[in-house]
1. Considering only protein heavy atoms, what is the solvent-accessible area of residue 183 at a probe of 1.4 Å, reported in Å² to the nearest 10?
2. Which value, in debye to the nearest 20, gives the size of the charge dipole of the chain about its Cα centre, when Lys and Arg are +1 and Asp and Glu are -1 at the Cβ?
3. Taking only the Cα atoms of the chain, how large is their convex hull per residue, in Å³?
4. Residues with beta-carbon under 13 Å from that of residue 84, excluding residue 84: net charge, scoring Lys, Arg +1 and Asp, Glu -1?
5. Given a Förster distance of 25 Å, report the FRET efficiency between residue 187 and residue 19 from their Cβ-Cβ distance, rounded to the nearest 0.05.
6. Accessible area per residue, 1.4 Å probe, Å², for the range 3-44: what's the number?
7. Taking only protein heavy atoms into account and a 1.4 Å probe, give the accessible area per residue of the range 101-195 in Å².
8. To the nearest 10 degrees, how steep is helix 22-33 against the longest Cα principal axis of the chain, on a 0 to 90 scale?
Amino acid sequence: MQTSAYFAGLAAGAGLIIAIGAQNAFVLRQGLQRRHVGSVVLVCVLADVALILLGVGGMGLAVKSQPGLLQLLRFAGAAFLASYGVLAARRAWRGESGLQPAGNGTPDRRRVILACLGFTLLNPHVYLDTVVLLGSLSTHYDGRGRWAFAWGACTASALWFLALGYGARALLPVFRSPIAWRVFDVLVAAFMLTLALLLLVQPVG
C-alpha cells in the first residue's frame, strides 16, 4: 500500500511540477548561465517540500478558506511577473544576455535567491497545486500511505529541479550564440507578460 501510494504521489507531483511555469523558466535560465544553480535548486525543492507537507498535513482547507490571501498573491504575482518580463524584453532588445564570466554583471547569490522565492511564493497557483490539490489527493490514503504519497510528490520535485538546473548544461552549445539568447529572452518576456495578464483577468481558486 505504501509503495503504491509513493508512486502515485511521484506521478501526481511530476504532472504538476513539470508543467511549464515561470519558476521553471527561471531555473532553466540560471542553469544555462551556471549562476548559483545549487542555491536555486535547493530553494525550489525546499519550498515545494514544505508546501506539499503542509498540504498533506491538512492546510489545504485553510488555504481555500482564505480567498483574500490568494487574491493578494494574485496581484503581487502579476506585478512581479510583469516586471521580470519587462527586464527580459530589455535584455533581448539590448543584447545583454549571454554566458558572461562570473563577476561581470553577475547578480549576487542573495538577489538570485530572492528572485527565486518570488517566482515560487508569489504564484497563487503553487498553493492550489501543492497545498490544496496534492493535499486533497493524499486523503485517498490512510496513515503511512498518506505520507508515502507526500514523499513521492517531494521526490518528483527534487528530481525535476535537479534535472532542470543541471541538465540545462546540455543546451550550452546552442546558447553560445548571442542570437539564441535574444530569442530565449523574447520568449521569456512574452511568457512572463502573458502569465501576468492571465493572473489579472482570471480569478484564482
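The values are calculated or read from the model by the stated rules, or taken from the named source; none is laboratory data. This structure is a prediction, so every number in the text was calculated from the model and none was measured. Cβ: placed from backbone, ideal geometry, glycine included. Neighbour counts: every protein chain shown. Just the protein is used for accessible areas: all its heavy atoms, side chains included, with ligands, DNA and RNA removed. Shrake-Rupley method; radii C 1.70, N 1.55, O 1.52, S 1.80 Å.
1. 80
2. Values: 16 positive and 6 negative charges, 119 e Å.
My answer is approximately 560 debye.
3. Numbers: hull volume 21.9 nm³, N = 205.
Each residue corresponds to 107 Å³ of Cα convex hull volume.
4. Details: positive: 29, 90, 91, 111; negative: 185.
Net local charge, residue 84 excluded: +3.
5. Details: r = 16 Å, r/R0 = 0.66.
The calculated FRET efficiency here is 0.90.
6. Values: 1560 Å² over 42 residues.
Value returned for the range 3-44: 37 Å² of accessible area per residue.
7. For the range 101-195, the solvent-accessible area averages 53 Å² per residue.
8. Helix 22-33 sits roughly 50 degrees off the main axis of the chain.
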